[in-house]
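A.B. asks: Questions regarding the structure given below will be posed in turn.
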Amino acid sequence: MSRESRGTLHLEDARVIKQTAYDGEQFVLRLAAAACATHAQPGAFVHLTCDPSIPMRRPLSIMRADPAQGWIEVLYKVLGPGLHALAARKPGDTVSLIGPIGKPFVVHPERPRPVLIGGGVGIPPMVFLADRLRSEAAGRYKPLVLMGSEIPFPFRTRPSAILIAGIPVGTIACMPLLEEWGIASRLASRAGFPGCYEGFVTELADDWLSSLGPSELAEVELFACGPTPMLAACAAVARRHNVPCQASLEEFMACAVGGCAGCTVLVRTPEGDAMKRVCVDGPVFDALTVF
Ligand SMILES: Cc1cc2nc3c(=O)[nH]c(=O)nc-3n(C[C@H](O)[C@H](O)[C@H](O)COP(=O)(O)OP(=O)(O)OC[C@H]3O[C@@H](n4cnc5c(N)ncnc54)[C@H](O)[C@@H]3O)c2cc1C
Ligand code: FES
């Protein structure tokens, strides 16, 4: 069942197709949600009812969407009662879903080297963006995906067969799904996982950008999602290398449809400072206007 709202949002009773658990109380949930799958774009999110006994919905980024088969996937890490209840949903259960919500990432053909930086539960929109770059813009872009996590990654890492000039020696672990898609990826952690860069994912990005010449840097744009300190570090890296950076922000949300102003952030605009709602004016913003 799907009901359209304001021509953009869809309310659906989404059926759980499967739920896969990973270390660190992380889960990938696949939901049958045909309307959301049809309209989803990388950077957009859904607002889910985790359990009928918990009235407040929870926002989760869309990690993958298959419009042909009518499903979406989200990746989440259990934090409190809402996501704990969501983790108990079994195949066949239904979950009320509003989405897709929010302004997505925008790629620019004049910057064909997008660098996708995902930290922790900021990984999902980067997988979605990589998927769209390969399926809708095959050959036009040469993306590099960099992911960071201090707990085990929510997938089994493996050494990459894709060589990337400028990446520190020994940094060879990748995300297998991206590797299957032919997209270069590398992982960073301070937890000492094999094959991962020992440090923050933003330090890995900084190292790689430092290896590029001016004409290569002119083709780069950063796309980031993760904890606020990581996004601030991404903005600093972007400034240092003089490249643009789009960031997907996370804020506490009540309505998620623009009605309560509970999710506002201060953004610099050409007209001066302005309060913007993360749910509908974002969640994707020009990072240099926020940090
Ligand atoms: C646009 C957006 C996309 C997100 N995408 C993901 C994702 O893909 N995977 C993932 O694991 N998490 C994601 N989050 C964070 C996730 O929504 C929170 O971890 C979750 O709401 C916590 O709910 P809880 O009941 O488990 O925890 P509690 O801490 O008990 O939550 C209590 C209340 O605080 C709110 N809340 C708590 N932490 C956050 C937070 N960081 N952001 C917004 N609201 C919060 C909850 O909605 C709830 O109303 C996203 C948040 C936003 C805003
Ligand atoms: S959460 Fe209500 S306006 Fe954004």
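A.B. asks: Inside region 56-154, counting only strands (runs of 3 or more DSSP E) that do not spill past its ends, which hold 2 or more residues that are surrounded by fewer than 20 Cβ atoms within 10 Å (Cβ to Cβ) and at pLDDT 95 or above?
C.D. replies: Correct list: 94-101.
A.B. asks: Looking at region 171-207, which of its residues are surrounded by fewer than 21 Cβ atoms within 10 Å (Cβ to Cβ) and either of a type in the set (Phe, Trp, Tyr) or without any contact (Cβ under 8 Å) to a residue 12 or more places away in the chain (or both)?
C.D. replies: Result: GLU180, TRP181, GLY192, PHE193, GLU198, GLY199, PHE200.
A.B. asks: Now for a separate question. Within region 206-219, identify whether any single residue is within 16 Å of ligand 1 (Cβ to nearest atom) and out of contact with any His (no Cβ under 8 Å at 6 or more places or on another chain), and answer yes or no.
C.D. replies: There is no residue in region 206-219 that is within 16 Å of ligand 1 (Cβ to nearest atom) and out of contact with any His (no Cβ under 8 Å at 6 or more places or on another chain).
A.B. asks: A further question on this structure: May I ask you to list pairs of residues, at least six apart or on different chains, whose Cβ atoms are under 6 Å apart, with the first in region 272-290 being assigned by TED's automatic domain parsing to the domain that holds GLY258 and the second being surrounded by fewer than 21 Cβ atoms within 10 Å (Cβ to Cβ) and among the acidic types (Asp, Glu)?
C.D. replies: As it stands, the answer is VAL278/GLU251, since those pairs meet every condition given.
A.B. asks: Turning to a different aspect of this structure: Would you tally the residues in region 261-284 being within 12 Å of ligand 1 (Cβ to nearest atom) and assigned to a strand (DSSP E or B)?
C.D. replies: 4
A.B. asks: Right, something else. Could you check GLY258 against (1) in contact (Cβ under 8 Å) with a residue 24 or more places away in the chain; (2) within 16 Å of ligand 1 (Cβ to nearest atom); (3) assigned to a loop (DSSP other than H, G, I, E, B) and say which number it fails?
C.D. replies: Checking GLY258 against (1) in contact (Cβ under 8 Å) with a residue 24 or more places away in the chain; (2) within 16 Å of ligand 1 (Cβ to nearest atom); (3) assigned to a loop (DSSP other than H, G, I, E, B), the one that fails is (1).
A.B. asks: Taking only pairs six or more apart or across chains, which ones have beta-carbon atoms under 7 Å, a first residue in region 80-94 that is away from ligand 1 (no atom under 16 Å from the Cβ), and a second residue that is at pLDDT 95 or above and not hydrophobic (A, V, I, L, M, F, W, C)?
C.D. replies: Correct list of pairs: PRO91/LYS18; GLY92/ARG15; THR94/ASP13; THR94/ARG15.
A.B. asks: While we're on this one: Out of ARG111, ARG140, ARG134, ARG89, I need the residue that is more than 18 Å from the chain's Cα centre (by Cα) and within 26 Å of THR171 (Cβ to Cβ). Which one?
C.D. replies: Every option except ARG111 fails the conditions.
The values are calculated or read from the model by the stated rules, or taken from the named source; none is laboratory data. Bear in mind that the values here come from a model prediction, so they are computed numbers and not experimental data. Neighbour counts run over all protein chains shown; Cβ positions are idealised from the backbone, glycine included.
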